[in-house]
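**Q** For reference, the structure I am asking about is given below.
The values are calculated or read from the model by the stated rules, or taken from the named source; none is laboratory data. No experiment lies behind these values; they were computed from the predicted model shown. Positions of Cβ are backbone-derived with ideal geometry, glycine not excepted, and every protein chain shown enters the neighbour counts. Ligands, DNA and RNA are excluded from the accessible area calculation, which covers all protein heavy atoms including side chains. Shrake-Rupley method; radii C 1.70, N 1.55, O 1.52, S 1.80 Å.
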Amino acid sequence: MVQRARRISAIPPYLFAEIDKLKAEARARGVDVIDLGIGDPDMPTPQHVVEALAEAARNPATHRYPPYEGLPELKQAVARWYRERYGVELDPETEVLVLIGSKEGIAHVFWAFVDPGDITLVPDPAYPVYRTGTLLAGGTPYTLPLTPERGYLPDLGAVDPEVADKAKLLFLNYPNNPTAAVAPPEFFAEVVEFARRHDIIVCHDFAYCETTFDGYRAPSFLATPGAKEVGIEFNSLSKPYNMTGWRVAFAVGNREVLAALSVIKTNIDSGVFNAVQLAACAALNGPQDVIERMNKIYAGRRDVIIQGLNSLGWNLKPTKGTFYVWAPVPEGYTSKSFAALLLEQAGVNVAPGNGYGEHGEGYFRIALTVDEDRLAEAVERMRKAGITFTGKR
Ligand SMILES: *Cc1c(COP(=O)(O)O)cnc(C)c1O
């Protein structure tokens, strides 16, 4: 028999598997499923970035192994972008590390700092990799519940000081997937203070750095005084430039943390295709109007969904960032049973909140990655099926 390693057995079953199966069954029955489950931008990468890739790929110099820590051109572009957008100074040589998508770096950072039995502080609900990354490295995730009462910011004061002293890493993510919450600068100041007191490495996942609305600008964690002494930030071209398929991202901040992550990476991967890195330079250095354009589109979609759901009895406030809407399920439902109801009776697929952790139970997540007409149709189908926040029929 095939005997799997214990570290794989520790990984919980994929929570979206059941919903994915229902979705496939509905499609097989001929249902025109409106899929609001997947957080993947629906619009193409800007043309000048695609052209830059094509041109770079024609140059045989790009065909060889890339430098381990990333092309100097890209690291310089990242440093300039960080200075201009967030007012953060970075040494391109030592404070920027190119990644094969930020998921790669997030998964590997645990291998650099977590030994079997070590504790990490992980928010819940959250992007699942923080938890599974900890488990794969043999660590124990300690849950920081995110609740609407606290604006989905963890209560660091509630962490048992003994646990905090033992913890190696703290993961955070604002603007937040899946809750769409944003963090005020005072919160990041509290994080730096907490990390210093307990000697914890902070990893801030800034995947939605540029996906913000109505004039709100999300702060980089590294803009917080003292942040660079305690942590790093993961950032990615995926969401701001519609480049999820390209697999190019970077980590920035504390040089010792990045050097340790680099030890893992040099032993596992050999970097990002040079031509993709040059295309990433074109994205960071080129016209930035794509970001503004995308954000207008997402804000319009957000309004359609929030006004639509509120007309069905929900009471949702406009979000400031990310392309998600996080909403409670009506009374009498679980995340899973409500997602199944939406799929069965309205042909609408959403992500059940418990897929992001036990504190996501009782919620569902809508991704604003389909156009306004489809979103409006999703709401209309719910109305016709009698699905409202106050209950079914
Ligand atoms: C999309 C996403 C990522 C992964 O981005 P890649 O750079 O494409 O790997 C990381 N964190 C969060 C919270 C995300 O939503």
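**Q** Residues that are within 16 Å of the ligand (Cβ to nearest atom) and within 18 Å of residue 256 (Cα to Cα), at least 2 per element: which helices (runs of 4 or more DSSP H) completely within the range 37-127 meet that?
**A** Filter on the range 37-127 gives 102-113.
**Q** What's the number of the only condition in (1) of a type outside the set (Gly, Ala, Ser); (2) crowded, with 19+ Cβ neighbours inside 10 Å; (3) modelled with pLDDT of 95 or more; (4) not in a loop (DSSP other than H, G, I, E, B) that residue 23 fails to meet?
**A** It is condition (3) that residue 23 fails.
**Q** Here is a check on your reading of the model: is residue 180 surrounded by 19 or more Cβ atoms within 10 Å (Cβ to Cβ) and within 23 Å of residue 324 (Cα to Cα)?
**A** Numbers: surrounded by 19 or more Cβ atoms within 10 Å (Cβ to Cβ): yes; within 23 Å of residue 324 (Cα to Cα): yes.
When the stated conditions are applied, residue 180 passes them.
**Q** Just to be sure I understand, how many residues within the range 214-253 are farther than 14 Å from residue 82 by Cβ, surrounded by 20 or more Cβ atoms within 10 Å (Cβ to Cβ) and more than 13 Å from the ligand (Cβ to nearest atom)?
**A** 2
**Q** Every residue in the range 193-208 that is without any contact (Cβ under 8 Å) to a residue 60 or more places away in the chain and either open to solvent by less than 10 Å² (accessible area, probe 1.4 Å) or in a loop (DSSP other than H, G, I, E, B) (or both), please.
**A** So in the range 193-208, the residues without any contact (Cβ under 8 Å) to a residue 60 or more places away in the chain come out as 193-199, 202, 204, 206.
The answer is 194, 195, 199, 202, 204, 206.
**Q** With the checklist (1) at positive phi; (2) modelled with pLDDT under 95 in hand, flag the one item residue 185 doesn't pass.
**A** (1)
**Q** For residues that are open to solvent by 100 Å² or more (accessible area, probe 1.4 Å) and in a helix (DSSP H, G or I), tally how many sit in the range 1-20.
**A** Going through the range 1-20 one residue at a time, the tally reaches 3.
**Q** Turning to a different aspect of this structure: Take residue 57 and decide whether it is farther than 30 Å from residue 136 by Cβ and in contact with a strand residue (DSSP E or B) (Cβ under 9 Å, 6 or more places away or on another chain).
**A** Numbers: farther than 30 Å from residue 136 by Cβ: yes; in contact with a strand residue (DSSP E or B) (Cβ under 9 Å, 6 or more places away or on another chain): no.
No.
**Q** Looking at 10, 17, 54, 26, which is the one that is outside the structural domain of residue 305 (by TED's automatic domain parsing) and at negative phi?
**A** Among 10, 17, 54, 26, only 54 is outside the structural domain of residue 305 (by TED's automatic domain parsing) and at negative phi.
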